[in-house]
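**Student:** This is the structure I have questions about; it appears just below.
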Amino acid sequence: MNWGAFTSVFAIATVKFMFSTFPGPHIGLLYYETFIAAFLGGTVSSAFFYFGSDLLMEWSHKRKVEKERLLHEQGIAVPHKKKFTKTNRLIIRLKMSFGIMVFVFGHRSFFQFL
């Protein structure tokens, strides 16, 4: 087993999973070695971004709460953001009337104009 080639396919799969198996046969890996390297690389990358985003959202929430607390202590009114905007309303209306297929097939052509 060529560990350098295995590591290369693993590293490519962590960045771009779709194209990670192409160099496998050209650098001397067997089918199952390429598959295992790509699978492990994609899995590690997915886990990293899943748990990393959780930490990032917690940090962002703590920062927002602290900022609002400081503004409240200074006597400044805290502005509240609208959560249900016109774009969100349009998306919900489209999904309720046409289903999820609107987003699967028509998202690029339609939502670039919003």
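**Student:** Of all residues in region 16-30, how many are modelled with pLDDT of 90 or more and assigned to a helix (DSSP H, G or I)?
**Tutor:** 0
**Student:** Check region 66-81 and report whether any residue there is out of contact with any Leu (no Cβ under 9 Å at 6 or more places or on another chain) and surrounded by 12 or more Cβ atoms within 10 Å (Cβ to Cβ).
**Tutor:** Yes, because at least one residue in region 66-81 is out of contact with any Leu (no Cβ under 9 Å at 6 or more places or on another chain) and surrounded by 12 or more Cβ atoms within 10 Å (Cβ to Cβ).
**Student:** Across region 15-36, which residue is nearest to N2 (Cα to Cα) among those that are among the hydroxyl-bearing types (S, T, Y) and surrounded by 11 or more Cβ atoms within 10 Å (Cβ to Cβ)?
**Tutor:** Keep residues of region 15-36 that are among the hydroxyl-bearing types (S, T, Y), which gives 20-21, 31-32, 34.
Of the ones still in play, those that are also surrounded by 11 or more Cβ atoms within 10 Å (Cβ to Cβ) are 20-21, 34.
Details: S20: 16, T21: 15, T34: 11 Å.
Filtering first and then ranking leaves T34.
The values are calculated or read from the model by the stated rules, or taken from the named source; none is laboratory data. Here the structure is a predicted model, which means the values were calculated and not measured. Cβ atoms come from the backbone with ideal geometry, glycine included; neighbour counts cover every protein chain shown.
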